[in-house]
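Participant: Just passing along the structure, written as structure tokens.
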Amino acid sequence: MKKIMAIVREDRFTMVKDALLDIGYPGMTVTEVKGHGNQKGITEQWRGRTYKTDLLKKIQIEMVVADKDVENIVQCILKEAKTGSIGDGKIFISSIDNVVRIRTAERGEAAI
């Protein structure tokens, strides 16, 4: 099993979520996060004043899936989240040793 954590732009989240649902992966945990990478924020103007925003709003999507499903999900996220501009986000993939469904005490892939 693998955990996929994707950090995407706020405006691309609905497209990613709908695409994952369309290919059969409705289960996810979603968190509103702030941060920056290489871009180190943006400079904006409002009412004639310039100000720097160094922590940008993003959406973090987390999913635990079977090993065989990882590449399909990653490609789906890439297709929907990519704009080609700096700040598109990242996808992290890590191993999960075990999962336990609390309601039924199922373990492993049966629990996801």
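Participant: What number of residues in segment 1-57 are among the basic types (Lys, Arg) and within 24 Å of ASP67 (Cβ to Cβ)?
Facilitator: Quick first cut of segment 1-57, residues among the basic types (Lys, Arg) only: 2-3, 9, 12, 17, 34, 40, 47, 49, 52, 57.
Going one step further and asking which of them are within 24 Å of ASP67 (Cβ to Cβ), we end up with 2-3, 17.
Qualifying residue count for the region: 3.
Participant: Taking the condition of being surrounded by 15 or more Cβ atoms within 10 Å (Cβ to Cβ) and either under 15 Å from MET28 (Cα atoms) or not aliphatic (A, V, I, L, M) (or both), how many residues in segment 63-86 meet it? It would help to see each step written out before you state the result.
Facilitator: Quick first cut of segment 63-86, residues surrounded by 15 or more Cβ atoms within 10 Å (Cβ to Cβ) only: 63-65, 69-70, 73-74, 76-77, 80-81.
Now drop any that are not either under 15 Å from MET28 (Cα atoms) or not aliphatic (A, V, I, L, M) (or both), which leaves 63-65, 69-70, 73-74, 76-77, 80.
Count: 10.
Participant: I've got another one for you. Which one of the conditions (1) of a type in the set (D, E, K, R); (2) closer than 12 Å to ALA6 by Cβ; (3) in contact with a Leu (Cβ under 6 Å, 6 or more places away or on another chain) does LYS34 fail to meet, given that it meets all the rest?
Facilitator: For LYS34, the exception is condition (2).
Readers should treat all values here as calculations from the given coordinates under stated rules, not as data from a laboratory. Being a predicted model, the structure only gives us computed values, none of them experimental. Methodologically, a virtual Cβ is constructed for each residue, glycine included, from the backbone with ideal geometry; neighbour enumeration extends over all protein chains shown.
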